[in-house]
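The values are calculated or read from the model by the stated rules, or taken from the named source; none is laboratory data. All figures in this text were calculated on a predicted structure; none of them were measured in a lab. For neighbour counting, all protein chains shown are included, and Cβ atoms are generated from backbone atoms with ideal geometry for every residue, glycine included.
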Amino acid sequence: MFHLLAASEQNPLVPNLTELIVGAITFGIIFVVLWKLLLPRLNQMLEERTDKIEGGLQRAEEAQAEANETLARYREQLAEARHEAARLREQAREQGAQIIAEMREQAQAEARRITESAQAQIEAERQQALIALRTEVGTLATELASRIVGESLTDEARQSRMVDRFLDELEVAGQ
């Protein structure tokens, strides 16, 4: 009995032919609809997304290149600024040394001028002292000679000759 029931029932592994045909037609309709409507939209959406991604990557690469270029310019400007600062420091050092040399030269010139002026003043005072001393010695010598000789030596020319001769003898003796 079981065999009869089993024969009357269909094998579960083999599908019903009508269901298979209806399923295949339905699959074909859905496949064509999806192929014609959905697939182009999906492709378009994927292409747009790819374009956006590639455009974003390209923009990122351009931004990176621009940033690298800006960085290179900045580094170049920084190097130029450092070079300029070093040049200005060196120039200031040279100007400072030049100013110091000029001030030292001016101070030495002023010191020479003051020394020469002092020496000239000392020489002038020495000459005045010699003249005053000569006059004083002449007067004293004339008085002394008058006392020794016992007569007045008031003759100016005679007195001047005698004083000059006396001083000349003193100078020769002093050397």
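Data table
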quantity	calculated
Filtered residues of the range 147-164 (kept if modelled with pLDDT of 70 or more and surrounded by 11 or more Cβ atoms within 10 Å (Cβ to Cβ))	S160, R161, M162, V163, D164
Test set (1) modelled with pLDDT under 85; (2) within 56 Å of the chain's Cα centre (by Cα) - M1 fails condition number	(2)
Unique match (being without any contact (Cβ under 8 Å) to a residue 60 or more places away in the chain, part of a helix (DSSP H, G or I), over 30 Å from S160 (Cβ atoms) and under 15 Å from the mean Cα position of the chain (by Cα)) among L71, L78	L78
Residue list for the range 11-27, filter: surrounded by 10 or more Cβ atoms within 10 Å (Cβ to Cβ) and not in a helix (DSSP H, G or I)	P15, N16
